[in-house]
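The values are calculated or read from the model by the stated rules, or taken from the named source; none is laboratory data. Being a predicted model, the structure only gives us computed values, none of them experimental. With ideal geometry, Cβ positions are generated from the backbone for all residues, glycine too; neighbour counts draw on all protein chains shown. Surface areas here come from the heavy atoms of the whole protein model, side chains and all, with no ligands, DNA or RNA. Shrake-Rupley method; radii C 1.70, N 1.55, O 1.52, S 1.80 Å.
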Amino acid sequence: MPAEFISVTFPNESNDLHPQPELPIDPAYLQRYARTLDDYGFNYTLVPYASSSFDPFTIGATILAHTKNLNIIVALRPNTVYPTVAAKALATLDQLSGGRVVVHFIAGGSDEEQAREGDFLNKEERYERQEEYIRILRLAWSATEPFDFDGTYYQFKQFRSAVRPTKGHIPISLGGSSEAAYRIGGSLCDIFGLWGEPLAETKQQIDRVYEEAAKAGRTDRPRIWVTFRPIIAETDELAWVKAHAVLDQLNANREKGLSRKPVSAAPPANVGSQRLLDIAARGHVHDRALWYPTVTATNASGATTALVGSPQTIADSILDYIDLGADLISIRGYDNYNDAVDYGRYVLPLVREGIRAREEAGSAADKKAAA
């Protein structure tokens, strides 16, 4: 399957550079953003989740209603929706859109954030619950007869859903850098998400996911999703000037208390963020153009690693990860709408051109070997 591109949905003009806390949803902005992603050839958009955020199912339905090809990735925390309800809700969206739905699971990297919605399980328990949840979804979408479930976290009797996914299955995604994430993602999921780490570390993580898939007896492997925050300009030199301006603004916002993590925030508890901070301590730039000061400026709050350079440099960097085994590339910027337009105009075509060149070279090599 060829590489595909993911963006992230934003419900209004607030962004990391110019945050506007408590800004209400802007339906016109949401629709325009979704149509722009559709028009420029993005394949997916993630509908994120936080304890204080808008409902992702409603946002997702709006996106699907105003696009033709764009798939939505609904972020879901198991503590927020009972699995039988989620199975029907996701399948309903899937039927309405003709099969354009993916679900992305978040076990929860912060005890404090989970507690805001009444979830007091520890990290290990959250992953155990997540595994049960995924198994229930798969049963709900495939079972033709009512079934019981008697797990540690979910118990019910004689459930049967009459709401089936369009293609019989909705792809299930999971991300993380812990051993539990590798195990569950490798054994059960269709997609495994990683934050942008250097090539060597990314390869190590991909290998771990594949090991778990093989250990589970799978004959296939999860697709690998890697996320970056590209900062692009006409030339590499201009891109670096822009990158430092972005960094200055991120630091200024944090000093004013306008970032997701205040200056006084404790070090993150989740393994993925800890890994990013450890790599940041080793140096600012890795590989071609992977830039880490944005990680420290945000206390590794989510996907925060940048790629810096001209469109060709960014495309070449992305192709490095595709060569490594990633085939779902998430790119979102700091000026959300304008960055999405720039990526669609200047980066996606170059990456797709690079993929075609590789395919043609491989085909020519095969013909030569067969001659």
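Charges were assigned to the Cβ only: +1 to each Lys and Arg, -1 to each Asp and Glu. The resulting dipole of region 213-268 about its Cα centre is roughly 560 debye. Note: region 296-371, Cα convex hull, 103 Å³ per residue. When +1 charges are put on Lys and Arg Cβ atoms and -1 charges on Asp and Glu Cβ atoms, the dipole computed for the chain relative to its Cα centre reaches about 720 debye. Computed over the Cα atoms of region 280-339, the ratio of the radius of gyration to the Kirkwood radius (Rg/Rh) comes to 0.96. Take every Cα pair under 8 Å in region 223-371 that's 6+ residues apart, average their separations, divide by the length, and report that relative contact order as a whole percent. Value for region 223-371: 32 percent. Simple rule: put +1 on each Lys or Arg Cβ and -1 on each Asp or Glu Cβ in the chain, find the dipole, and look at Ser259, Gly185, Pro165; the Cα lying farthest toward the positive end is Pro165. The value of relative contact order for region 84-189, using C-alpha pairs under 8 Å at least six residues apart, is 37 percent.
Starting with the highest mean, order 158-166, 290-298 by the number of other Cβ atoms within 10 Å, averaged over the residues of each peptide.
290-298, 158-166
Across all Cα atoms of region 142-249, the radius of gyration (one decimal) and Dmax (whole number) stand at 20.3, 63 Å. Give the residues of region 142-172 whose amide nitrogen is closer than 16 Å to a point set 7 Å from the Cα of Val85 in the direction of its Cβ. Within reach of a label on Val85, which here means backbone N under 16 Å from a point 7 Å along Cα→Cβ, region 142-172 contributes 154-156. Residues whose amide H comes within less than 5 Å of that of Ile231, counting only those at least five positions distant or on another chain, are Leu307, Val308, Gly309 (H built at 1.01 Å from N in the peptide plane).
Between amide H atoms placed 1.01 Å from N, distances below 5 Å from Ser330 occur with Ile6, Val226, Thr227, Phe228, all of them 5 or more places distant or on a separate chain. Do any of Lys68/Lys203; Lys68/Lys88; Lys88/Lys215 go past 25 Å between their Cα atoms, and which? From Lys68/Lys203; Lys68/Lys88; Lys88/Lys215, over 25 Å: Lys68/Lys203; Lys88/Lys215.
Ligands, DNA and RNA left out, the accessible area of region 1-118 computed with a 1.4 Å probe is 52% carbon and sulfur. Under 5 Å between amide hydrogens, built in the peptide plane, is the criterion, and for Leu46 it picks out Ser7, Val8, Thr9, Ile73 among residues at least 5 positions away or on other chains. Looking at the chain alone, DSSP beta bridges between its own residues are antiparallel in about 20 percent of cases.
With all protein chains in place and a 1.4 Å probe, the accessible surface of region 250-371 carries 51 percent carbon and sulfur. Note on the chain: Cα Rg divided by 2.2 N^0.38 Å, N the number of residues, gives 0.99. Across the chain, the mean sequence separation of Cα contacts (distance under 8 Å, 6 or more residues apart), normalised by length, yields a relative contact order of 17 percent. Projecting the Cα positions of Leu328, Leu46, Tyr133 onto the charge dipole of the chain (unit charges on Cβ atoms of Lys, Arg, Asp and Glu, taken about the Cα centre) puts Tyr133 furthest along the positive direction.
Accessible surface computed residue by residue for the chain, with neighbouring protein chains in place and a 1.4 Å probe, gives 45 Å² per residue.
Mind checking the dipole of region 141-225: about its Cα centre, +1 per Lys or Arg Cβ, -1 per Asp or Glu Cβ, Debye to the nearest 20?
300 debye
Within region 223-371, the proportion of C-alpha pairs whose separation exceeds 22 Å stands at 45%.
When the inverse distances between all different Cα atoms of region 1-92 are averaged and flipped, the Kirkwood radius reads 14.1 angstrom. The lysines within cross-link reach of Lys261, meaning a Cα-to-Cα straight distance under 26 Å and a gap of 8 or more places when in the same chain, are Lys123, Lys242. Over what distance in Å are the Cα centres of region 21-57 and region 183-209 separated? If you average the Cα positions of each part, the centres end up 26 Å apart.
Where the accessible area of region 126-197 is counted over protein heavy atoms with a 1.4 Å probe, how much of it, in %, is carbon and sulfur? Carbon-and-sulfur percentage of accessible area, whole number: 51. Toward the positive end of the charge dipole of the chain, with +1 on the Cβ of Lys and Arg and -1 on the Cβ of Asp and Glu, the farthest Cα among Gly151, Ala107, Gln249 is that of Gly151. Distance from the Cα centroid of region 71-105 to that of region 107-173 is 11 Å (rounded to whole angstrom). Working note: Karplus 6.51/-1.76/1.60 with θ = phi - 60° gives region 164-181 the couplings 10, x, 4, 9, x, 7, 10, x, 10, 10, 8, x, x, 10, 8, 5, 5, 5 Hz, where Gly and Pro are set to x.
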